[in-house]
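Structure, as structure tokens:
The values are calculated or read from the model by the stated rules, or taken from the named source; none is laboratory data. In this text, all values refer to a predicted model and were calculated from it rather than measured experimentally. Because the Cβ atoms are built from the backbone with ideal geometry, glycine has one as well, and the counts that use them run over all protein chains shown. Remember, those area values only see protein heavy atoms, side chains included, never the ligands or the DNA or RNA. Shrake-Rupley method; radii C 1.70, N 1.55, O 1.52, S 1.80 Å.
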Amino acid sequence: MENFVHKSVLLDECIEGLAIRPDGIYVDGTAGGGGHSFAIASRLTTGKLIAIDQDEAAIKAAGARLAPLGERARVVRSNFSEIASVLDDLGINEIDGVLLDLGVSSYQLDTPERGFAYQSDAPLDMRMDQRREKSAYTVVNTYSEAALKNILYTYGEERFAARIAARIVERRAERPIETTGELSELIKSAIPAAARDGGHHPAKRSFQAIRIEVNGELDVIEPALRGAISRMRLGGRLCVITFHSLEDRITKQTFTKLSTGCTCPKSLPICVCGNKPQLRLISKKPILPGEEELAENPRSRSAKLRVAEKI
């Protein structure tokens with residue numbers, strides 16, 4: 001997949017955050033085009049990198065990118081929520097670090113036929129794993145008006161969710177909504193003209209919401225983080241890159257829970273909950289892209305990196 005282009009966001013910061021050991025075992029749970037994976041694996045000697053992605057195109061691209069590194073890198077098609085199962089299949093008990101880049105790849109956004117982009121006209125798809133049955137077409141044409149409103153408001157933080165959901169249901173009663181261009185224009189027509197001014201395309205939030213629903217993106221974050229940590233050696237590092245507030249909120253809350261010890265009321269003389277912290281926060285505040293990266297890759301503007309260490 002020579003056409004799979006994806007800029008590796010916060011690359012240097014991720015490498016520093018992982019504190020890579022040359023003999024360690026690392027997992028890139030969202031390999032994409034293999035940029036982060038290559039940077040990790042190239043720093044290994046006797047260690048190993050497991051590069052995971054659910055997108056077939058990403059697997060081909062990452063495989064080609066990592067091929068020169070030989071046995072240091074292994075590419076597996078799976079969802080990052082299945083890290084434990086992947087490790088079991090490979091006979092690996094413990095790992096030294098995990099990287100998760102929760103963003104959509106530039107390839108997915110820039111390939112019209114994948115149906116992620118509101119700027120083009122292509123079949124409604126948005127599946128990161130094209131083995132899935134549910135697509136954006138399914139969501140847009142079969143979900144109830146109430147369900148659509150909830151998705152747009154919850155996942156897209158779209159204040160005109162009710163108007164957009166009603167317009168979708170009204171239009172699809174005449175004929176199915178089949179393309180990204182058709183949906184984009186329909187969303188635009190549902191938003192008052194006075195509210196369309198600003199830097200963002202009027203369909204941006206709604207497309208994000210539908211994409212999240214199609215891929216179940218938010219549902220897997222906390223289980224994936226907990227699963228990764230459960231397989232980590234003491235001192236292992238977990239780096240998570242998020243691109244919108246919903247992802248970051250879940251990551252932050254999960255890190256906070258796992259880095260907090262006793263949760264008993266202060267009035268109790270002794271601890272009865274038995275909770276012990278599993279993580280130490282390396283970055284209490286998220287790490288953001290620098291000015292140079294922002295100039296080179298404007299899509300990195302919303303990226304945030306959080307780093308934690310197993311204790």
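Post the alpha-carbon centroid distance, region 255-311 to region 34-83, in whole angstrom.
Result: 26 Å between the Cα centres.
Quick check on packing: order 30-42, 65-77 by the mean number of other C-beta atoms within 10 Å, highest mean leading. Show your work: numbers first, answer last.
Details: 30-42: 25.2, 65-77: 16.8.
Taking the mean over residues of other Cβ atoms within 10 Å, the ranking is 30-42, 65-77.
With angles folded into 0 to 90 degrees, how steeply does helix 204-215 sit against the dominant principal axis of the chain? Use alpha carbons for both and round to 10.
60
Over its Cα atoms, what ratio of radius of gyration to 2.2 N^0.38 Å does region 7-60 give? Let's see the in-between values first.
Values: Rg = 10.8 Å, N = 54, 2.2 N^0.38 = 10.0 Å.
Dividing the Cα Rg of region 7-60 by 2.2 N^0.38 Å gives 1.08.
Please report, to two decimal places, log10 I(q)/I(0) for region 30-149 at q = 0.18 Å⁻¹ as given by the Debye formula with identical point scatterers on the Cα atoms and no solvent.
Ignoring solvent entirely, the Cα scatterers give -0.95.
Going by the alpha-carbon gyration tensor, a ≥ b ≥ c the square roots of its eigenvalues, is region 152-261 rounded (a/c under 1.5) or, if a/c is not under 1.5, prolate (a/b greater than b/c) versus oblate? Each step should come with its number before you reach the end.
Details: a/c = 3.40, a/b = 2.48, b/c = 1.37.
Taking the square roots of the gyration eigenvalues as a ≥ b ≥ c, region 152-261 is prolate.
At 4 °C and 1.567 mPa s, what whole-number value in µm²/s does Stokes-Einstein give for the translational diffusion of the chain, with Rh from the Kirkwood sum over Cα pairs? Mind showing how you got there, number by number?
Details: Rh = 20.7 Å.
It diffuses with D of about 63 µm²/s by this estimate.
Can you compute the charge dipole magnitude of region 70-188 about its Cα centre, using +1 on each Lys and Arg Cβ and -1 on each Asp and Glu Cβ, nothing else charged? Give it in debye, rounded to the nearest 20.
Values: 16 positive and 21 negative charges, 100 e Å.
With Lys and Arg at +1 and Asp and Glu at -1, about 480 debye.
If region 202-311 were replaced by its equivalent ellipsoid, with semi-axes equal to the square roots of 5 times the Cα gyration tensor eigenvalues, what would those be, largest first, whole Å? List each step's numbers first, then the result.
On the way: eigenvalues 191, 63, 36 Å².
Value: 31, 18, 13 Å, ordered largest first.
Using only Cα atoms and rounding to the nearest 10 degrees, what angle (0 to 90) does helix 56-66 make with the longest principal axis of the chain?
40
How large, in percent, is the carbon and sulfur part of the accessible surface of the chain at a probe radius of 1.4 Å?
Values: 7380 of 14960 Å².
Here it works out to 49 percent.
Calculated from DSSP H runs of 4 or more alone, at -39500 (n - 2.57) each and per residue, what is the 222 nm mean residue ellipticity of the chain, nearest 500? Intermediate values should be presented prior to the final figure.
Details: 13 runs with 122 residues, N = 311.
Taken over the chain, the calculation gives -11500 deg cm²/dmol.
Rolling a 1.4 angstrom probe over the protein heavy atoms, how many square angstrom per residue are accessible across the chain? Please report the intermediate quantities before stating the final value.
Numbers: 14960 Å² over 311 residues.
That works out to 48 Å² for each residue.
Nearest 10 degrees is fine. How inclined is helix 145-156 to the longest principal axis of the chain, computing both from alpha carbons?
50
Taking the inverse of the average 1/r across all pairs of different Cα atoms in region 33-98, what Kirkwood radius in Å do you get?
On the way: mean 1/r = 0.0835 Å⁻¹.
Radius from the Kirkwood sum: 12.0 Å.
For the pairs K60/K285; K285/K310; K134/K310; K7/K252; K48/K134, flag any whose C-alpha to C-alpha distance is greater than 28 Å.
Values: K60/K285 35 Å; K285/K310 18 Å; K134/K310 36 Å; K7/K252 24 Å; K48/K134 34 Å.
The answer is K60/K285; K134/K310; K48/K134.
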